[in-house]
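Scroll down for the structure; my scribbles are underneath it.
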Amino acid sequence: MAAPIGIGLANAEGVILEINSAMCEMTGYQPSELINQNMGILC
């Protein structure tokens with residue numbers, strides 16, 4: 001079952017390592033656009 005909330009996993013430097021589909025829907029980004037980016041992209 002998929003989580004109904006946006007969830008992401010980032011390393012200590014704030015680089016996104018994993019992201020779920022709910023977060024992608026909330027932000028309008030595709031997973032490939034978020035993975036390996038700094039979390040600041042979501043602000």
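Descriptive notes on the structure:
- Test: G40 is modelled with pLDDT of 90 or more, of a type in the set (G, A, S) and either out of contact with any Gly (no Cβ under 9 Å at 6 or more places or on another chain) or surrounded by fewer than 10 Cβ atoms within 10 Å (Cβ to Cβ) (or both): yes
- Residue identified as touching a helix residue (DSSP H, G or I) at 6+ places or on another chain (Cβ under 8 Å) and either on the phi > 0 side of the Ramachandran plot or not in a loop (DSSP other than H, G, I, E, B) (or both) among I41, I5: I41
- Among the residues of the range 1-27, those identified as modelled with pLDDT under 95 and exposed (fewer than 12 other Cβ atoms within 10 Å of the Cβ) are M1, A2, A3, P4, I5, E25.
The values are calculated or read from the model by the stated rules, or taken from the named source; none is laboratory data. None of these values were measured; they are calculated from a predicted model. Counting neighbours? That spans all protein chains shown, and the Cβs are built from the backbone with ideal geometry, glycine included.
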